[in-house]
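Notes to accompany the following structure.
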Amino acid sequence: MLVLKFGGGVGIDFDSLSKNAAKLQKEFGEKIVIVVGANAKLSQTQKERGIEPKMITSERGEKSRFTDEVTLELLKEVYGGVADEVAKIVNAEGGDAIAMLVSKDDLVIAKQHGRMRILEDGKVKVIDGDLTGSIQKVDAAAIQKILNSGKILVLAPPAATENSGEVNVDGDKIASKISVELKADKLIFFSNTGGLLKNVNDETSLISEIPTWQADEFAIGRMKKKILAAKRAIKGGVGEVIFADGRQLFVNPIEVAVKGGGTRIF
């Protein structure tokens, strides 16, 4: 079983990734869960509608999007649209995929963070009203039932809350948690870099493999969340975690990753 995170940065080749997923399903009967990102598209859509994206940094140095009610509704529209498009491509290639938000039928339940301590201009600040959360529960049985029916499952945030609300949850963490709950063979993160780099400004500095304890040394920006998600997956028993290139470089990018492309985290 594969759990794939299609990153939401600029330049991600959703077309090739989706077509390769369809191929793996058709030719090898691979069970696949895809979690989509749409960070760049959401920011672009916000600006087009006169909304300035607001990013915040936690005390641990992790960057995330401040999510109010307006942003949450837009997130559902944008991320849900990307998930629908991925499923459409898979189906057009002869695969069988279904797309849904993870809030549907409480597929993923999260707890809202509430008041948050963030860093702003080098100082700690407490903020309210951020509709983001931490994953509490994944309905692994429901996901497995969909996979057993022969479908690729394409997922996107937000997650549900126990009081029938919704909160934004990081897609990398969703993919990591699902991979653990389903005991996946591989968890692969596709982003707009070749993998984990020693020098973020040098594509040739790709690290082919690295232990989790050493990976933090090269964690910069949003890569911090990916490495944390990778650590949790490995600790939870996932067979292998890979950081791979999701740009338009390969016809079959998933197969390239599985066969040694990118960075293997162990």
Legend entry - DSSP-defined antiparallel bridges as percent of all bridges, the stretch 111-257, nearest 5: 60
Inset, instruction - Once you have all Cα-Cα distances for the chain, histogram them in 5 Å bins from zero and send the whole-percent values. - result: 1, 6, 13, 18, 20, 18, 13, 7, 2, 1, 0
Inset, instruction - Compute log10 of I(q)/I(0) for the stretch 137-266 with the Debye formula, placing one identical point scatterer on every Cα and leaving out solvent, at q = 0.09, 0.13, 0.14 Å⁻¹, to two decimals. - result: -0.28, -0.57, -0.66
Inset, instruction - Using 0.36 nm per residue of separation minus the Cα-Cα distance, give me the extension gain between MET55 and LYS104 in nm, one decimal. - result: 15.0 nm
Inset, instruction - With both partners inside the chain, how many of the DSSP beta bridges are antiparallel, as a percent to the nearest 5? - result: 45
Inset, instruction - Could you go through the stretch 225-230 in sequence order and give the Karplus-derived ³J(HN,Hα) for each residue, using 6.51 cos²θ - 1.76 cosθ + 1.60 with θ = phi - 60°, rounded to whole Hz, and x for Gly and Pro? - result: 5, 5, 5, 4, 5, 5
Inset, instruction - Kindly provide the helix-only [θ] at 222 nm of the chain, computed as the sum of -39,500 (n - 2.57) over DSSP H runs of four or more divided by all residues, to the nearest 500 deg cm²/dmol? - result: -10500 deg cm²/dmol
Legend entry - Unit charges on C-beta of K, R, D, E only; dipole of the stretch 94-138, Debye: 260
Inset, instruction - Compute the Rg to Rh ratio over the stretch 125-165 from the alpha carbon atoms, using the Kirkwood formula for Rh, and round to two decimal places. - result: 1.13
Inset, instruction - Treating only the Cβ atoms of Lys and Arg (+1) and Asp and Glu (-1) as charged, compute the dipole magnitude of the chain about its Cα centre; round to the nearest 20 debye. - result: 500
Inset, instruction - Report the Stokes-Einstein translational diffusion coefficient (µm² s⁻¹, integer) for the stretch 99-208, Rh taken as the Kirkwood radius over Cα pairs, at 20 °C with viscosity 1.002 mPa s. - result: 132
Inset, instruction - Work out the FRET efficiency for ASP185 and GLN136 from their Cβ-Cβ distance, taking R0 = 25 Å, and round it to the nearest 0.05. - result: 0.50
Legend entry - 3J(HN,Hα) from dihedral phi, the stretch 249-265, Karplus parametrisation 6.51/-1.76/1.60, rounded to Hz, x for glycine, proline: 10, 10, 6, 10, x, 5, 5, 4, 5, 5, 8, x, x, x, 10, 8, 9
Legend entry - Distance between modelled label sites at VAL251 and ASP128, nm, 7 Å Cα→Cβ extension: 5.8
Inset, instruction - Read phi for every residue in the stretch 71-86 and hand back ³J(HN,Hα) as whole Hz from Karplus 6.51 cos²θ - 1.76 cosθ + 1.60, θ = phi - 60°, with x for Gly and Pro. - result: 5, 4, 5, 5, 4, 4, 5, 6, 5, x, x, 5, 4, 4, 5, 4
Legend entry - Peptides 101-111, 249-259 ordered by average Cβ neighbours within 10 Å, highest first: 101-111, 249-259
Inset, instruction - Report the convex hull volume per residue for the stretch 1-128, counting only C-alpha atoms, in Å³. - result: 135
Inset, instruction - Taking every pair of alpha-carbon atoms in the stretch 190-249, give the share separated by more than 18 Å as a whole percent. - result: 29
Legend entry - Where GluC sites (Glu not before Pro) fall in DSSP loop in the stretch 23-92, at most 14 other Cβ within 10 Å: GLU59
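All of the numbers you see were taken from the coordinates with simple rules; none came from a lab. As the structure is a computational prediction, the values presented were derived from the model and not from experiment. Glycine also receives a Cβ, built like all others from the backbone with ideal geometry; neighbour counts cover every protein chain displayed.
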